[in-house]
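Q: This structure is in structure tokens; I'll ask about it shortly.
The values are calculated or read from the model by the stated rules, or taken from the named source; none is laboratory data. What you see is a predicted model; the values in this text were computed from it and never measured. Cβ coordinates were reconstructed from backbone atoms using ideal geometry, including for glycine residues, and neighbour counts include every protein chain displayed.
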Amino acid sequence: MAPISDRSEILFLYEVRDANPNGDPMDENKPRLDPETGVATVTDVRIKRTIRDYWFNRRGLEILVRDTFTPEGYLKDGKGRAADFFARADVDKGRDSAVTIEQKMKKVVLENCIDVRCFGSTLPFEIDKKKGGSLTLTGPVQFSGFNRSLHPVSTQFIQGTAAFASTGTSAQKSFREDYIVHYACIACYGVVNEIAARDTGMSESDRALLLEGLWRGTEDLISRSKMGHRPLLLVHLRYADGFRLGDLASRVSLHSDLDPHKLRTVRDYAIDVSALATAIEAHAGRVSEVGFVQATELELVRDGAPFQWSDLEVPVVPLNVWNAS
């Protein structure tokens, strides 16, 4: 398939209820917070993990960045993962140079792995114990390094009884410890760069699967620590000539009569899209299409009045995040 030919931007809002949006492994897996503002933060790595897991588990697509294991049961490192593709790439480590191996690996990885076509990758490989190389590709899809909740959040430390004893000789069960936020409405921003897509071959089908994975992958976050995630709004802006508005998340805000720490449901607030809508219409000649999908309970307002995407003076289409080809 041909690579995408136009640039686009993504705004994605989702809610987190009584769960941990993104734990920090260096701080007891506590929810990541901005210490100055008290808002929750979610890294781009977490957002991409959500999409990758959906592609692999639901769609059955090959993913480069995933846990794979040796026959002995050990987790493979990057070089071990690269070796998984040597046979498919027809790599001859005794004959091929590092440059040749890189070229062969690039071809087979891009043909097989949708996450590399979209997100890029740095993959080291080993030729022998003294010699190696790496495959480095810049992905067309980039999300903000830290995606923030639209309001300060309240966190809680919870202890509970675990299922098993703390030791094999103990009569007492161990304790389970969790950190959660009571509620967060998180705004995620991303860019799809058509120039980088020329190198990775990201196609229109890949872009459709990206949007599907963002929405439906969030719906699939139903593990114990992630139960309570739900997508609320996905906006996809396509541009005619390489233009972009930039940082769409800063162009929306949350309005509520409640103290932000007391928010508990999407019905407690409205999302003000005034700045975003005004910016879109101000550049109507460069915005070729606005696509959206929205939770029915989410209320949008513009200049204090209810807002519908069809109100915009630009082409607007509903996004289909259920049947990407």
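Q: Is it fair to say residue 53 is within 16 Å of the chain's Cα centre (by Cα), buried (at least 16 other Cβ atoms within 10 Å of the Cβ) and at pLDDT 95 or above?
A: Taking the combined requirement at face value, the residue satisfies it.
Q: Inside segment 204-244, can you point out the residues that are surrounded by fewer than 18 Cβ atoms within 10 Å (Cβ to Cβ) and under 25 Å from residue 5 (Cα atoms)?
A: 204, 205, 208, 240, 241, 242, 243, 244
Q: Based on what the data block shows, is residue 266 surrounded by 17 or more Cβ atoms within 10 Å (Cβ to Cβ), more than 25 Å from residue 16 (Cβ to Cβ), at pLDDT 95 or above and under 22 Å from the mean Cα position of the chain (by Cα)?
A: No: the conditions fail for residue 266.
Q: Turning to a different aspect of this structure: Looking only at segment 93-146, filter to residues that are of a type in the set (Gly, Ala, Ser) and exposed (fewer than 15 other Cβ atoms within 10 Å of the Cβ); which one of those is modelled with the highest pLDDT? Before the answer, list the steps.
A: So in segment 93-146, the residues of a type in the set (Gly, Ala, Ser) come out as 94, 97-98, 120-121, 132-134, 139, 144-145.
Next, from what is left, pick out any that are exposed (fewer than 15 other Cβ atoms within 10 Å of the Cβ): 94, 97-98, 132, 145.
Working: 94: 85, 97: 89, 98: 89, 132: 86, 145: 96.
Step by step, filter segment 93-146, then rank; the result is 145.
Q: Quickly run through segment 77-133 and pick out the residues that are within 26 Å of residue 193 (Cα to Cα) and among the β-branched types (Val, Ile, Thr).
A: Listed by number, the residues that qualify are 108, 109, 114, 116, 122.
Q: Turning to a different aspect of this structure: Suppose we keep only residues that are at pLDDT 95 or above and touching a Phe, Trp or Tyr at 6+ places or on another chain (Cβ under 7 Å) within segment 213-224. Which one would you say is farthest from residue 179 (Cα to Cα)?
A: Within segment 213-224, the match that is farthest from residue 179 (Cα to Cα) is 213.
Q: List the helices (runs of 4 or more DSSP H) that sit entirely inside segment 28-115 and contain at least 3 residues that are free of Cβ contacts under 8 Å to residues at least 24 places away in the same chain.
A: Values: elements: 44-57, 78-83, 98-112.
Once the helices (runs of 4 or more DSSP H) in segment 28-115 are filtered for at least 3 residues that are free of Cβ contacts under 8 Å to residues at least 24 places away in the same chain, what remains is 44-57, 98-112.
Q: In addition: Out of segment 207-262, which residues are part of a loop (DSSP other than H, G, I, E, B) and closer than 20 Å to residue 20 by Cβ?
A: 220, 221, 222, 223, 224, 225, 226, 227, 228, listed by residue number.
Q: Pull up segment 289-325, narrow it to residues that are in contact with a Phe, Trp or Tyr (Cβ under 7 Å, 6 or more places away or on another chain) and within 21 Å of residue 6 (Cα to Cα), then point me to the one that is surrounded by the fewest Cβ atoms within 10 Å (Cβ to Cβ).
A: Applying the filter and picking the extreme gives 318.
Q: Surrounded by fewer than 17 Cβ atoms within 10 Å (Cβ to Cβ), touching an Asp or Glu at 6+ places or on another chain (Cβ under 9 Å) and within 30 Å of residue 56 (Cβ to Cβ) - does that describe any residue in segment 250-261?
A: Within segment 250-261, none of the residues are surrounded by fewer than 17 Cβ atoms within 10 Å (Cβ to Cβ), touching an Asp or Glu at 6+ places or on another chain (Cβ under 9 Å) and within 30 Å of residue 56 (Cβ to Cβ).
Q: Also, quick follow-up: So if I check each of 234, 258, 221, which one is in contact with a Ser or Thr (Cβ under 8 Å, 6 or more places away or on another chain) and among the hydrophobic types (A, V, I, L, M, F, W, C)?
A: Only one candidate passes the filter, namely 221.
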